[in-house]
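Since the structure comes first, as structure tokens, the remarks are kept for the end.
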Amino acid sequence: MAEALGMIETRSFPAMIEAADAMVKAAKVELVSYQNTGGGYVTAIIRGDVAAVRAACEAGQTSAARVGEVVAVHIIARPHGNVDEVMPLGRSGATTAKKK
């Protein structure tokens, strides 16, 4: 089963924490990392099946908006294998190699 990649970028760390909490509570997804992108912007990254990631991102967006500013929400339904090779985002290269 192909996994989706979901990302929510917020303008504050508390809003990102709120989004991450809502996402993992709303659907069966895995919070794989977060990234400080500078200037107070923070991105939470999740993985799971496409429907779960979509539902989780909607819940995360709603929750984060109550605490701070949501900058962007993006879902990649089935990221190409090269994405995991270059930017693992919660997956090791060995895991990716086994899936091929």
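The values are calculated or read from the model by the stated rules, or taken from the named source; none is laboratory data. As the structure is a prediction and not an experimental result, all values here were calculated from the model. So basically every Cβ, Gly included, is an ideal-geometry build from the backbone, and we count neighbours across all protein chains shown. All accessible areas refer to the heavy atoms of the entire protein, side chains included, with ligands and DNA or RNA removed. Shrake-Rupley method; radii C 1.70, N 1.55, O 1.52, S 1.80 Å.
Using all pairs of distinct alpha-carbon atoms, the Kirkwood hydrodynamic radius of region 19-76 works out to 11.4 angstrom.
Segment M87..T37, full-extension length gain: 16.5 nm, with 0.36 nm per residue of separation and the alpha-carbon distance subtracted.
Modelled label positions at R78 and E30, each set 7 Å beyond Cα in the direction of Cβ, lie 1.9 nm from each other. The modelled label-to-label distance between D21 and E69, using points 7 Å beyond Cα along the C-beta direction, is 2.3 nm.
With a 1.4 Å probe and all protein chains left in place, how much accessible area per residue does the chain have, in Å²? I get 57 Å² per residue for this part. If every alpha-carbon in the chain counts as one equal scatterer, what log10 I(q)/I(0) does Debye give at q = 0.16, 0.23 1/Å? Reported log10 I(q)/I(0), two decimals: -0.61, -1.11.
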